[in-house]
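S.K.: Dropping a structure here in C-alpha cells format, bear with me for questions.
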Amino acid sequence: MKKIKILSSCLIILIGLLNALSGNPLKYSASGKEKLGKHLVLIASDHEYRAEETIPALARILAVHHGID
C-alpha cells in the first residue's frame, strides 16, 4: 500500500514538471540603471485568479520599477 502512495506521488510530480516545461516562458529584463542583477522565476497555474494575466503584469512591474529580471 505504501509503494502505491509513493508511486502515485511521483507520477503527480512528474506530470506537474512536464506541464511546467511545456508552458510558454515569458521574460522581462530590467533596464539600465534600475538593473540589480537579481532574477526571479514566477510559476502559477490557477484559473480562478487569472494567473495568465496577473503573473506577466507582476513580472513587468518587477522588471521596470524594481530592476529584477
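S.K.: Out of (1) hydrophobic (A, V, I, L, M, F, W, C); (2) under 15 Å from the mean Cα position of the chain (by Cα); (3) modelled with pLDDT of 75 or more, what's the single condition that is false for Leu14?
M.R.: (2)
S.K.: Which numbered condition in (1) modelled with pLDDT of 80 or more; (2) surrounded by fewer than 10 Cβ atoms within 10 Å (Cβ to Cβ) is the only one that Gly67 fails?
M.R.: Only one criterion is unmet by Gly67, namely (2).
S.K.: If you don't mind, another one. Run Leu21 past the list (1) free of Cβ contacts under 8 Å to residues at least 40 places away in the same chain; (2) more than 12 Å from the chain's Cα centre (by Cα) and report the number of the one that doesn't hold.
M.R.: Against the list (1) free of Cβ contacts under 8 Å to residues at least 40 places away in the same chain; (2) more than 12 Å from the chain's Cα centre (by Cα), Leu21 comes up short only on (2).
S.K.: If you don't mind, another one. Of all residues in the stretch 27-69, count the ones that are assigned to a helix (DSSP H, G or I), within 20 Å of Leu17 (Cβ to Cβ) and β-branched (Val, Ile, Thr).
M.R.: Of the residues in the stretch 27-69, the ones assigned to a helix (DSSP H, G or I) are 32-34, 51-66.
Narrowing further to those that are within 20 Å of Leu17 (Cβ to Cβ): 51-52, 55.
Cutting the leftovers down to β-branched (Val, Ile, Thr) gives us 55.
The number of residues fulfilling the criteria is 1.
S.K.: Here are the criteria: (1) exposed (fewer than 10 other Cβ atoms within 10 Å of the Cβ); (2) of a type in the set (A, V, I, L, M); (3) modelled with pLDDT of 80 or more. Tell me which single one Ile61 does not satisfy.
M.R.: Every condition holds for Ile61 apart from (1).
The values are calculated or read from the model by the stated rules, or taken from the named source; none is laboratory data. Everything numeric in this text was worked out from a predicted model, so none of it was measured. Note that we place each Cβ from the backbone using ideal geometry, even for glycine, and neighbour counts take in every protein chain shown.
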